[in-house]
Amino acid sequence: MNMIKALTLLAACAIIAQPAYAQQRSGPLRIEITEGVIEPLPFAVPEFIAENPAAQEFAANIARVVASDLAGTGLFREIPEDAFISRLTDFASPVQYSDWKAINTQALVSGAVSAGSDGRLTVKFRVFDVFAEAQLGDGLQFGGSTSSWRRMAHKVADAVYSRITGEGGYFDSRVVFVAQNGPKDERRSRLAVMDYDGANVQYLTDDSAIVLAPRFSPTGDRVLYTSYESGFPQVFVLDVGTVQRRAMDVAAEAMTFAPRFGPDGRTVVFSLTEGGNSDLYKMDVDGSSAQRLTSAPSIETAPDFSPDGSQIVFESDRSGSQQLYVMGVNGGDATRISSGQGRYSAPVWSPRGDLIAFTKQANGRFHIGVMRIDGSEERLLTASFLDEGPTWSPNGRVIMFTRESQGTSGVQSLYSVDITGRNLRKVTTEGPASDATWSPLLN
Amino acid sequence: MQLQTGTYISGVAHGGLIFWVLVGGLFLRAGDPLPVQTTDVSLLTGEEFAALTAPQPSPIQPVQEPAVVQPDLPQDSPAISAQTDETVETSTPDAVAEPEKDPNPQQPTIVPQQPDEVTETAPDVLAPPVQDIATDLAPPSDAPPKATAAPRIAPTPAPETAPDTEIADTVSPQTAPDQNADSQVADKPATAPQQAAPEIVTEAEKPSAAPPRSLRPPSRPKKPTVALAKPQPAAPKENAINDAVAAVVAETSTATAAAPSGPPLTAGEKDALRVSVSNCWNLGSSSSEALSTTVVVMVDMSREGRPTAIKLQSSDGPSENATRIAFDAARRAVIRCGASGYKLPSDKYSQWQNIEMTFNPERMRIK
């Protein structure tokens, strides 16, 4: 009898305890969010505070360049100044977060500029997460001459970009390209360098000979390019600082083109045509240690190193049409990675090492696309009459390329696009331009 | 008989010929007439021909050359000498020596300057700002950001809105005053969700009519496995029952003290909260590493439904930096959309006083 009573009591206790026990097991309310939105993050860059009268103009200009850099990525949306509720008047005064929340500012950049009597400029800034009411990272300060105000602005923008997105910036960088003039059938070209946004254009060669495909060294101080000044294509090395140049030490009767620096800055890989056959060669930039990498009867060209220097991607028509292949840095068996319909060319390895950008021609149109290094997950980012020659930004987020408009009066221009395929933009240049190559971030 | 036969033949032949001449043209296709070149001619008499061939005077009358009139020379004009002027000395420039050919000619181009040096230091004075006097999280408007030219990628696609349309969760037309109505209701502007697309469409592709993704059917539930307990040595029955009752009572008392009370949130209430937070979870500026990071945050809520504290509970990502970026995005989402309070049932506050939110961006990576 006692046994029955005890069991009944146990059952009753268990029933009473059931909901509470279940609740305790579940603990706090749990929800999982798997869907969000992708849209530009609203930010504000009020005019930087000029700490002395001489810095007034620089303060305004630097703030504009910073805002332009960030908005140009397509990842951010600038809130116009006329929407501001409050102004920043003192770099050290607290931020009125409520004023910035009211206009939906999610990132706020405050800065100050001072100009010394010795011609030195000092720029300092801070970034705030407005809704978290917290500063993103520590404040930072850059110093330089007044003539370098644009570089300092780009550096500020790089730091802001990095703190918000978590990846490196690309604003403090340069682009070497072929500047063109003259009609299409009698076009003249010369090498030029500019800031990534098209400012500060400077010419490296005159227009007496056709020049093609300039490529920066990993440190950005030298440029490899192909010139027709001897009547046939020949690879030259040019020092950007002194404009001194010399031809690569290759047999004079050989045609050399499509050069690329290796990640060590010492090795050069290029294409050499001899007896009607083009193959890939590797040698030191001083002309030593020449090594033939391919020996197929087909045309092998457009080589590029992987960021770790262990592999080379190139284009070849050994299968009957232009396709992309990857091989070891010392040659040997190559693996075809392109598998879609159409012709693939001009492969370029991403600085991150995970993607390869390329030009694709299919169905009468040209595309810029990206694929994994094994050829999977191919994505076409652009489509036009003629898109070609991709180059990666230093952080591997943006691709710049050449687009030519259709017709006899077609003009070549530089464009950039995010690797998602969004934010297609034309790069501002003084005239027609092509064959761009992005430098690494400047030191 | 033979005569008659010949007469018949002749008669039929002649009749056929006459018939052919009369109506044979009907069976022939009329061909195009051959081109005929015609030239107009006219007859001339001998006098007319002689008049035509006679030399005619030129229609242009010669102009009489004007007579050259010598100008009157002034009296003091110098006499003109027949002698030639003296030879003017001319000098030739000094011969320029031929420059020696440069074996390595330099390009006559602009020498570009190296990028200016910029030093990076810690700022002189960068004291953190003093406590912000504004402590209210709520902005004046709890509506999501207004539509921009930039495309928005969201789970639910929405068409482009008219310029005067307000952004809201639901579509509603603009109301106008009704003169015949008994009572006047305040005008309301038209509302519609912000323009959005379900996936990124590049220049090279067209939006697909296919659904953005298909969910894999769930796997068949596994059969519950019953673990066979090892036989334990038998204990005295009385003690075992007492222990069990004591354990259940202790468990009940502990659970009652810590667990929320009242009815749990319905699935609809949970979904509403999930959608609210999703609308503000913006991954547009996140790095690819951050898009591979799942963060779990604990949110403490006020009775008004506003977040009062947000803490990172755990994360699963490739780097610490990616975790920071992912947490920042999650925190912004919770604060922005909860600034005016999430719509949660107040009578179930104990259920949502603490909410554990898991932000998993896996599905967003494929967009």
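With a Förster radius of 35 Å, plug the Cβ-Cβ distance of B:Arg365 and A:Ser405 into 1/(1 + (r/R0)^6) and report the FRET value to the nearest 0.05. Please list the in-between numbers first.
Working: r = 35 Å, r/R0 = 1.00.
Computed FRET efficiency for B:Arg365 and A:Ser405: 0.50.
How are the alpha carbon pair distances in segment A:3-165 distributed across 10 Å bins from zero to the largest one, expressed in percent?
It works out to 9, 31, 23, 9, 6, 7, 6, 5, 2, 1, in whole percents.
If I take R0 = 30 Å and measure r between the Cβ atoms of B:Ser346 and B:Lys188 in this structure, what FRET efficiency does the formula 1/(1 + (r/R0)^6) give, to the nearest 0.05?
Values: r = 27 Å, r/R0 = 0.89.
Efficiency computed from Cβ-Cβ geometry: 0.65.
With a point put 7 Å past each Cα toward its Cβ, work out how far A:Gln202 is from B:Glu356 in nm, to one decimal.
Going by the 7 Å Cα→Cβ label model, 5.9 nm.
If I model a spin label as a point 7 Å beyond the Cα along the Cα-Cβ vector, how far apart are those points for B:Lys311 and A:Arg343 in nm?
Taking the two extended label points, one gets 6.4 nm.
With each run of n ≥ 4 DSSP H residues scored as -39500 (n - 2.57), what mean residue ellipticity at 222 nm is computed for chain A after dividing by its residue count and rounding to the nearest 500 deg cm²/dmol?
Working: 4 runs with 65 residues, N = 443.
Result for chain A, helices only: -5000 deg cm²/dmol.
If you take the square roots of the eigenvalues of the alpha-carbon gyration tensor of chain A and sort them as a ≥ b ≥ c, do you get rounded (a/c under 1.5), prolate (a/b over b/c) or oblate? Mind dumping the intermediate values first?
Working: a/c = 2.51, a/b = 1.39, b/c = 1.81.
In terms of gyration-tensor shape, oblate.
Which angle from 0 to 90°, rounded to the nearest 10, does the C-alpha axis of helix A:2-26 make with the longest principal axis of chain A?
Helix A:2-26 sits at roughly 40 degrees to that axis.
Taking beta carbons within 10 Å but only from partner chains, what does the mean come to for residues A:161-168?
Numbers: counts 1, 2, 4, 6, 8, 17, 9, 1.
Partner Cβ neighbours, averaged per residue: 6.
Would you mind giving the mean number of other chain beta-carbons within 10 Å of the Cβ of each residue in B:343-352, as a whole number? Please list the in-between numbers first.
On the way: counts 0, 1, 0, 0, 0, 1, 0, 2, 4, 3.
Counting Cβ atoms of other protein chains within 10 Å of each residue's Cβ and averaging gives 1.
Hey, can you grab everything whose amide H is under 5 Å from the amide H of A:Ile33? Only 5+ residues off in sequence or another chain; H modelled, so Pro and N-termini drop out.
For A:Ile33, whose amide H was placed from the backbone, the distant partners under 5 Å are B:Thr358, B:Phe359, B:Asn360.
Compute the signed sum of charges (Lys and Arg +1, Asp and Glu -1) over the other residues within less than 9 Å, Cβ to Cβ, of A:Arg266. Display every interim value, and only then the final one.
Details: positive: none; negative: A:Asp264, A:Asp284, A:Asp286.
Net local charge, A:Arg266 excluded: -3.
Please report the antiparallel percentage of DSSP beta bridges with both residues in segment A:3-165, rounded to the nearest 5. Present the calculation step by step, with values, prior to reporting the outcome.
Details: 17 of 24 bridges.
Here the antiparallel bridges make up roughly 70 percent for segment A:3-165.
To the nearest whole percent, what portion of all C-alpha pairs in segment A:174-438 is separated by more than 31 angstrom? Let's see the in-between values first.
On the way: 6572 of 34980 pairs.
Roughly 19 percent, rounded to a whole number.
For A:Met248, B:Met357, what ranking results if the residue with the fewest other Cβ atoms within 10 Å of its Cβ goes first? Intermediate values should be presented prior to the final figure.
On the way: A:Met248 19, B:Met357 25.
Placing the least packed residue first, the sequence is A:Met248, B:Met357.
Apply 1/(1 + (r/R0)^6) to the Cβ-Cβ distance of A:Asn443 and B:Ala267, taking R0 = 45 Å, and write down the FRET efficiency to the nearest 0.05.
On the way: r = 57 Å, r/R0 = 1.26.
Efficiency, rounded to the nearest 0.05: 0.20.
Which ³J(HN,Hα) values in Hz, rounded to whole numbers, follow from the phi angles of segment A:419-428 under the Karplus curve 6.51 cos²θ - 1.76 cosθ + 1.60, where θ = phi - 60° and Gly and Pro get x?
Result, ordered by residue: 5, 7, x, 9, 6, 6, 9, 8, 7, 6 Hz.
Report the full-extension gain for the segment A:Glu430 to A:Asp185: residue separation times 0.36 nm, less the Cα-Cα distance, to one decimal in nm.
Numbers: separation 245, 0.36 × 245 = 88.20 nm, distance 1.99 nm.
Result: 86.2 nm gained on full extension.
B:Val275 to B:Glu120: extension gain in nm, 0.36 nm per residue of separation minus the Cα-Cα distance?
Values: separation 155, 0.36 × 155 = 55.80 nm, distance 4.38 nm.
Contour length minus the Cα-Cα distance gives 51.4 nm.
Count the DSSP beta bridges whose two residues both fall in chain A, then state the antiparallel fraction as a percent rounded to the nearest 5.
Numbers: 102 of 109 bridges.
So the antiparallel bridges in chain A amount to around 95 percent.
Only the coordinates and a few stated rules stand behind these numbers; no lab work does. Since we're looking at a predicted model, the values are computed, not measured. Methodologically, a virtual Cβ is constructed for each residue, glycine included, from the backbone with ideal geometry; neighbour enumeration extends over all protein chains shown.
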